[in-house]
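Bear in mind these aren't lab numbers, they're just calculated from the coordinates by the rules spelled out. It should be emphasised that the depicted structure is a prediction, and the values quoted were computed from it without experimental measurement. Because the Cβ atoms are built from the backbone with ideal geometry, glycine has one as well, and the counts that use them run over all protein chains shown.
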Amino acid sequence: MEIYNIGDFLPRELRRGKPMQQQEFIATKEVAHLTGFSVRTIVTWAGEFQDSGGTEGIPSYRIGKRAWSFKRSEVERWIESRRAGSVQPNRERKDKVG
């Protein structure tokens, strides 16, 4: 079984800046916990981000066919931008997360 670095799957322009091992990536479940939205909603928004070329949804990176990964720093900026009163996602917040 081969082990890959997550950076092997990212576009070249995303590899600039910090070395890949210093960038913290988090899983969908942790993003759901940070945002208070369901895993299903986060996956939907991740797909919207990819489909829109990064103009909608939550910043995300597809790993393989079904898995997603998120840079903690980008997710935190995304959350703060919504708290600051900028564009709100057109979704209802779920009371139960998980």
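Only Lys, Arg, Asp and Glu carry charge here, each on its Cβ (+1 for the first two, -1 for the last two); on that basis the range 22-83 has a dipole of about 200 debye about its Cα centre. In terms of other Cβ atoms within 10 Å, Lys65, Lys71, Lys29 run from fewest to most in the order Lys65, Lys29, Lys71.
Can you sort Val39, Val75, Val31 from fewest to most other Cβ atoms within 10 Å of each residue's own Cβ? Ordered from fewest to most neighbouring Cβ atoms within 10 Å, Val39, Val75, Val31 come out as Val39, Val75, Val31.
Cβ-to-Cβ counts within 10 Å put Arg40, Arg83 in ascending order as Arg83, Arg40, the fewest first. For the pair Gln50 and Arg82, the difference between a 0.36 nm per residue extended length and the Cα-Cα distance amounts to 9.6 nm. Under the classification rounded if a/c is under 1.5, otherwise prolate if a/b is larger than b/c and oblate if not, where does the range 22-83 fall, given a ≥ b ≥ c as square roots of the Cα gyration tensor eigenvalues? Judged from the Cα gyration tensor, the range 22-83 comes out rounded (a/c under 1.5).
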